[in-house]
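Accompanying notes for the structure given below.
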Amino acid sequence: MDNPFSLEGKTVLVTGASSGIGRSVAIECARLGATLVLTGRNERNLHETLQSLEGGKEHQVIIADLSNEEDVNKLIMSLPPLDGLVCNAGVGKMLPVQFYSLDVLEEVFGINVFAPMLLIKLLVRKKKLKNPSSIVFTASISGYSNVAPANGIYGASKSALSAYMKYAALELAGKGIRCNAVHPGRIQTPLIENRLLSEEDVAKDVDMYPLKRYGKPEEVAHAIIYLLSDAAAWVTGTNLVIDGGRSLK
Ligand SMILES: NC(=O)c1ccc[n+]([C@@H]2O[C@H](COP(=O)([O-])OP(=O)(O)OC[C@H]3O[C@@H](n4cnc5c(N)ncnc54)[C@H](OP(=O)(O)O)[C@@H]3O)[C@@H](O)[C@H]2O)c1
């Protein structure tokens with residue numbers, strides 16, 4: 001019997017494939033048979049991801065800053081028809097509410113929300129998403145729970161992304177395009193490591209997780225693979241939480 005979780009024969013575009021969760025998604029997708037298109041800004045890191053991929057497939061790297069319209073247009077033109085899209089690129093910014101500025105709001109919402117919305121607009125218009133195909137967004141539990149001081153811009157952006165996912169799921173279902181989001185808790189990646197939290201703060205934070213540890217990038221990748229695969233053929237418009245039980249508290 002065929003494995004419904006296999007990605008054999010599928011071509012998947014991963015944004016933010018140069019680091020963290022996106023790199024792990026690419027590696028795990030290749031392991032399950034997919035051909036990958038990796039995108040991000042950092043060429044060296046993208047090539048490191050490329051070199052980690054199994055499978056002897058024709059994986060490729062396309063450098064693009066998703067906040068740059070010209071880069072996005074070039075990316076769209078170079079893409080093969082896609083069975084899967086993982087909208088994973090994202091940025092975080094810690095800022096108390098009284099220090100918000102339009103520049104920072106535009107920066108975070110620009111990458112976390114506007115970039116996937118505009119990318120999908122172009123992919124649909126240029127008929128780059130096959131029927132059937134699957135889009136998965138990397139949102140965050142910060143979008144609806146795990147409310148922490150100074151994380152409001154990021155949390156609001158992930159909440160907006162999750163709301164958009166539902167509208168896209170409804171509107172694109174007729175084209176055979178499924179849309180879903182994963183909501184990770186803290187995952188050990190550069191995004192977290194760069195926060196310079198003290199060991200004591202990290203220990204207190206980890207203690208808030210019923211499973212008593214942060215997540216691993218591949219644990220998010222496996223959930224994304226389920227949503228990309230035929231095993232989720234009747235799943236659209238859903239939010240899948242992967243947080244070691246953090247949002248139970
Ligand atoms: N780590 C966590 O605890 C956690 C929890 C919940 C959700 N998430 C979400 O998971 C996703 C991946 O995060 P991560 O932890 O893996 O972070 P990361 O290691 O910092 O990776 C972020 C990725 O986004 C890409 N990116 C950022 N700005 C970009 C731009 N302007 N154009 C194109 N690509 C851009 C980066 O690529 P380049 O540097 O090559 O441009 C990088 O590959 C994000 O959406 C994040 O919000 C993370």
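Any read-out appearing in this document is the output of simple, stated calculations on the displayed coordinates, not a laboratory observation. Being a predicted model, the structure only gives us computed values, none of them experimental. All Cβ positions, glycine included, derive from the backbone under ideal geometry; neighbour counts span all protein chains shown.
Among the residues that make up region 74-92, is at least one of them surrounded by 15 or more Cβ atoms within 10 Å (Cβ to Cβ), more than 9 Å from the ligand (Cβ to nearest atom) and assigned to a loop (DSSP other than H, G, I, E, B)?
Step one: filter region 74-92 for residues surrounded by 15 or more Cβ atoms within 10 Å (Cβ to Cβ), giving 75-76, 79, 82-92.
Filter once more, keeping what is more than 9 Å from the ligand (Cβ to nearest atom): 75-76, 79, 82-86.
Those left that are additionally assigned to a loop (DSSP other than H, G, I, E, B): 79.
Yes, that holds for at least one residue.
Of all the residues in region 1-22, those that are within 13 Å of the chain's Cα centre (by Cα) and either crowded, with 21+ Cβ neighbours inside 10 Å or acidic (Asp, Glu) (or both) number 10. Against the definition (farther than 19 Å from residue 88 by Cα, touching a His at 6+ places or on another chain (Cβ under 9 Å) and outside any loop (DSSP other than H, G, I, E, B)), how does residue 247 come out, yes or no? Judged against the criteria, residue 247 is a match. Here residue 213 meets each of (1) in a loop (DSSP other than H, G, I, E, B); (2) buried (at least 19 other Cβ atoms within 10 Å of the Cβ) with one exception, condition (2).
Can you tell me which residue in region 1-49 is farthest from the ligand (Cβ to nearest atom), limited to those that are assigned to a loop (DSSP other than H, G, I, E, B) and hydroxyl-bearing (Ser, Thr, Tyr)? Can you show your working first?
So the first thing to find is which residues in region 1-49 are assigned to a loop (DSSP other than H, G, I, E, B), and the list is 1-10, 16-19, 32-34, 41-42.
Applying the additional criterion that residues be hydroxyl-bearing (Ser, Thr, Tyr) yields 6, 18-19.
Details: 6: 24, 18: 3, 19: 3 Å.
By that ranking, first place goes to 6.
Restricting attention to region 208-222, does a residue exist that is within 28 Å of residue 165 (Cα to Cα), touching a Cys at 6+ places or on another chain (Cβ under 9 Å) and of a type in the set (A, V, I, L, M)? Among the residues of region 208-222, at least one is within 28 Å of residue 165 (Cα to Cα), touching a Cys at 6+ places or on another chain (Cβ under 9 Å) and of a type in the set (A, V, I, L, M), which makes the answer yes.
Restrict the check to region 23-46 and report whether at least one residue is in contact with a strand residue (DSSP E or B) (Cβ under 7 Å, 6 or more places away or on another chain), more than 19 Å from residue 127 (Cα to Cα) and surrounded by fewer than 18 Cβ atoms within 10 Å (Cβ to Cβ). For region 23-46, residues in contact with a strand residue (DSSP E or B) (Cβ under 7 Å, 6 or more places away or on another chain), more than 19 Å from residue 127 (Cα to Cα) and surrounded by fewer than 18 Cβ atoms within 10 Å (Cβ to Cβ): present.
Taking region 50-68 as the range and being in contact (Cβ under 8 Å) with a residue 12 or more places away in the chain and within 13 Å of the ligand (Cβ to nearest atom) as the test, the residues that pass are 50, 61, 62, 63, 64, 65, 66, 67.
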